[in-house]
């Protein structure tokens, strides 16, 4: 070890961890497979198989199943989107889930350690996952912010989105606000009260102070929950994994009893096949698989690393995949049943408006609101409205279409906030209670995912240990939450929802798919499918089926590359557009992004994916050392800070509060070593390797 004046961190030497973490580049390139010793490294374990399943399901099932999947289904032709989603489930979702669970269970390491062990030049894959998680955490909390806004407005009766507001016009006449009269009270409350949406991305329209307070509060809650670490024993997952299903079932039963539910379900199941010709439809299907399964974030690798070495990981992957698929379809069914009811109300309201114009303003002889029923209107008047002269009348006919109302029922991330709030209204006097229950469910889903995402980023910083301050958990949490909150001020502008859509489209889509591509290439071509199959055989007693091996080596990489190429061609050939709220019509309409949005999109993608080639180049030319990772892994005995506390028997779960968080403790106490056989290193071990300094490298 080099002698220097830097503060030295002592970590207990773990002989079992030395070989895999200190494996030389040449040894990997020469084809050394994973040793059997890896499977017998002492490691904490789950209390039961059931606890593991509930933990993975709780991790995988999140807000994306409630709002993102239904909105993508609506955006890409209803039932047509279910076709690429089902295909991606079998050729992308299941194989990648199997891959991550198997590689975590075999190597018994977190994401950073796993890909370093597959090949040192793949060390950037773990870093790319961490940066992508950071980007996702920034905008994911905006959805939590909206949930808090609605939750705070739920403690009143009637709920504020039950009725449209009124205004006083000339002649001291009170009338319903026309914009709300067209869009409906729930849509009006979402776009005009909650978001107060501006006409476009290039028109910020100032900070919305109520929403900004919700943003600050949401990040404060996140910080309080992670600054001292997660102290749960893991039993809480039995509640967090089942509570959303209970609430969804209640809304499902209620939704089926509402008129128009059948129309909504038919809209969901009827495919519009022309959408299958657009690459974006397939890209969104693949991205949704990654989001809903939690792939490429690194969490699944960590969870499976606590399983027994002989656990049947293949059955786990199939069971979790089908459970997640069922949850997405179930939530989508609930959404579309209620959306059919909402579209029915809008259609009926539109027809009533036209009948009112015919009877009260045109005063057609022989017709009034009693004699001119909706059936007669559809038979005799609906197709002939253009023949009537409305000159001098302060009213106009509206175009009424059930199909268009279903298409415009809700778009973007506001789908759950518009559709479900409409269903909540139908619960009558108990609607405030069910509103509170529903948004608590969304918060439990969102906050749980947000905690894990932020903890994953923090763990990467702990592992890098590039500065002494990263050893203080409370300080790292404050920096992460504070920096995310600063960027999050974009989301409390009048154009905030458009920025959320931009982050959602680029920060979490392209990077996740590229990370997944690196994983399949790493296992399928660098480490080798045959060697990986041997490792799986040592765990479950049989080699993976030919389907899995072909998917890992050929189907998944080729399909991902094809999607990326097709999407890039589509993006370059057509201007990138987003959905903006039109106050005149009360609906969303497409607008081209301003010039600077393209630069921001490129930054969101490249800021994470460049770590993969960057680390490989720096390690190849000798700028980065590989020795650094072993000491951090030895300190955690292969655990990660974000998951070790769920596992009984983990040394991290029994350490003192001061050691965990850095609160009320001296700097030396937070990094104090165990008393036996310490391994010391400094930050110099991760800096540039000077020419001729190889003899000074640390050895463990």
Which residues, counting only those in segment 302-322, are in contact with a helix residue (DSSP H, G or I) (Cβ under 8 Å, 6 or more places away or on another chain), under 20 Å from residue 47 (Cβ atoms) and part of a helix (DSSP H, G or I)?
302, 303, 304, 313, 316, 319, 320
Could you please find all residues in segment 252-265 being surrounded by fewer than 23 Cβ atoms within 10 Å (Cβ to Cβ) and in contact with a helix residue (DSSP H, G or I) (Cβ under 8 Å, 6 or more places away or on another chain)?
252, 254, 256, 258, 259, 261, 262, 263, 265
Residues (at pLDDT 90 or above and in a loop (DSSP other than H, G, I, E, B)) located in segment 207-237
208
Looking only at segment 564-577, decide whether some residue is surrounded by fewer than 19 Cβ atoms within 10 Å (Cβ to Cβ) and under 30 Å from residue 178 (Cα atoms).
yes
What's the total number of residues in segment 163-183 that are surrounded by 15 or more Cβ atoms within 10 Å (Cβ to Cβ) and either farther than 16 Å from residue 586 by Cβ or in contact with a helix residue (DSSP H, G or I) (Cβ under 6 Å, 6 or more places away or on another chain) (or both)?
2
Does residue 398 satisfy being over 30 Å from residue 85 (Cα atoms), surrounded by fewer than 19 Cβ atoms within 10 Å (Cβ to Cβ) and without any contact (Cβ under 8 Å) to a residue 40 or more places away in the chain?
no
Go over the candidates 439, 420 one by one and state the one that is in contact with a helix residue (DSSP H, G or I) (Cβ under 9 Å, 6 or more places away or on another chain), modelled with pLDDT of 85 or more and either surrounded by 22 or more Cβ atoms within 10 Å (Cβ to Cβ) or outside any helix (DSSP H, G or I) (or both).
439
Assess whether residue 469 counts as being touching a helix residue (DSSP H, G or I) at 6+ places or on another chain (Cβ under 9 Å), at pLDDT 80 or above and either more than 30 Å from residue 154 (Cα to Cα) or in a helix (DSSP H, G or I) (or both).
no
Return the total of residues in segment 518-559 being surrounded by fewer than 22 Cβ atoms within 10 Å (Cβ to Cβ) and modelled with pLDDT under 90.
2
Looking only at segment 365-393, which residues are modelled with pLDDT of 70 or more, in a loop (DSSP other than H, G, I, E, B) and within 24 Å of residue 182 (Cβ to Cβ)?
369, 372, 373, 388
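The values are calculated or read from the model by the stated rules, or taken from the named source; none is laboratory data. Because the structure is predicted, anything quoted here is derived from the model rather than measured. Ideal geometry is used to build each Cβ from the backbone, glycine not excepted, and the neighbour counts take in all protein chains shown.
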